[in-house]
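Asker: Here's a structure for you.
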Amino acid sequence: MFLENNNAQRKRGWVEVICGSMFSGKTEELIRRLKRAQFAKQKVEIFKPKIDTRYDEIKVVSHQGSEIHSTPVPSSANILLLATDADVIGIDEAQFFDEELPYVCGELAKRGIRVIAAGLDLDYTGKPFGPMPVLMASAEYVTKVHAICMQCGELAYVSHRKTKHESLVMLGETDSYEPLCRNCFNKNFVR
């Protein structure tokens, strides 16, 4: 009897992933879910990669201007160390984290924490990005959001880089990237 009651009282954690191309509303959706959790008086902690300084050094900020306080960290292991007494953990720009991120999210879920990670599922060449494929495969819930193709108006699936910069990680906005559908991406992407 004691064991059954103890297990029933234990919190259940899980992993949610929000993915899609740039300008699809991933961060906006992450912030919306985290603010709802805060409204429900849940303890929320948010993390982002230290390299993401586009809009703010500390805050997670969407392209639409929504924002929420976060803790920038250099690696996913730091999230495990800093997530002390949270009910919900938010992770933005998950694609920029190391390959240990799926393990970290799984460990947090084992602790009874709801983990919500948002990130690009594909890089600018149309290939799976960083830890995202493993994270998506191991998550209980995956939400794919879409931007609109800037060339034809269909649903976009990839972030096309408009510059010649060839580094995999390049922070940018509409001056550097545009969301494209599969057909327009195939016409524009030179292999």
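Asker: Please specify each residue of region 16-47 satisfying the condition of being of a type in the set (Lys, Arg) and within 11 Å of the chain's Cα centre (by Cα).
Answerer: Within region 16-47, the subset of a type in the set (Lys, Arg) is 26, 32-33, 35-36, 41, 43.
Once the filter is applied, which keeps residues that are of a type in the set (Lys, Arg) and within 11 Å of the chain's Cα centre (by Cα), region 16-47 yields only Lys26.
Asker: Right, here's the next one. From (1) in contact with a Leu (Cβ under 9 Å, 6 or more places away or on another chain); (2) of a type in the set (Val, Ile, Thr); (3) surrounded by 21 or more Cβ atoms within 10 Å (Cβ to Cβ); (4) closer than 21 Å to Tyr177 by Cβ, pick out the condition that doesn't hold for Ile116.
Answerer: Going through the list (1) in contact with a Leu (Cβ under 9 Å, 6 or more places away or on another chain); (2) of a type in the set (Val, Ile, Thr); (3) surrounded by 21 or more Cβ atoms within 10 Å (Cβ to Cβ); (4) closer than 21 Å to Tyr177 by Cβ, Ile116 breaks only (4).
Asker: Here is a follow-up. Residues of region 22-43 being buried (at least 21 other Cβ atoms within 10 Å of the Cβ) and free of Cβ contacts under 8 Å to residues at least 60 places away in the same chain, which ones?
Answerer: Ile31
Asker: Oh, and also: Would you mention how many residues in region 92-109 are free of Cβ contacts under 8 Å to residues at least 60 places away in the same chain and outside any loop (DSSP other than H, G, I, E, B)?
Answerer: Residues in region 92-109 being free of Cβ contacts under 8 Å to residues at least 60 places away in the same chain and outside any loop (DSSP other than H, G, I, E, B): 6 in total.
Asker: Looking at Gln38, is it in a loop (DSSP other than H, G, I, E, B) and either at pLDDT 95 or above or farther than 22 Å from Ala77 by Cα (or both)?
Answerer: On the way: in a loop (DSSP other than H, G, I, E, B): no; either at pLDDT 95 or above or farther than 22 Å from Ala77 by Cα (or both): yes.
No; evaluated as a whole, the condition is false for this residue.
Asker: If you go through region 106-135, how many residues are more than 13 Å from Glu45 (Cβ to Cβ), out of contact with any helix residue (DSSP H, G or I) (no Cβ under 6 Å at 6 or more places or on another chain) and of a type outside the set (Asp, Glu)?
Answerer: Matching residues across region 106-135 total 11.
Asker: Within region 122-135, work out how many residues are crowded, with 21+ Cβ neighbours inside 10 Å and out of contact with any Lys or Arg (no Cβ under 7 Å at 6 or more places or on another chain). Reasoning before the result, please.
Answerer: Residues of region 122-135 crowded, with 21+ Cβ neighbours inside 10 Å: 124, 129-132, 135.
Adding the requirement that they be out of contact with any Lys or Arg (no Cβ under 7 Å at 6 or more places or on another chain) leaves 129-132, 135.
Residues in region 122-135 being crowded, with 21+ Cβ neighbours inside 10 Å and out of contact with any Lys or Arg (no Cβ under 7 Å at 6 or more places or on another chain): 5 in total.
The values are calculated or read from the model by the stated rules, or taken from the named source; none is laboratory data. Note that the structure is a prediction, hence the values are computed from the model and not measured. Heads up, the Cβs are rebuilt from the backbone with ideal geometry, glycines too, and the neighbour counts pull from every protein chain shown.
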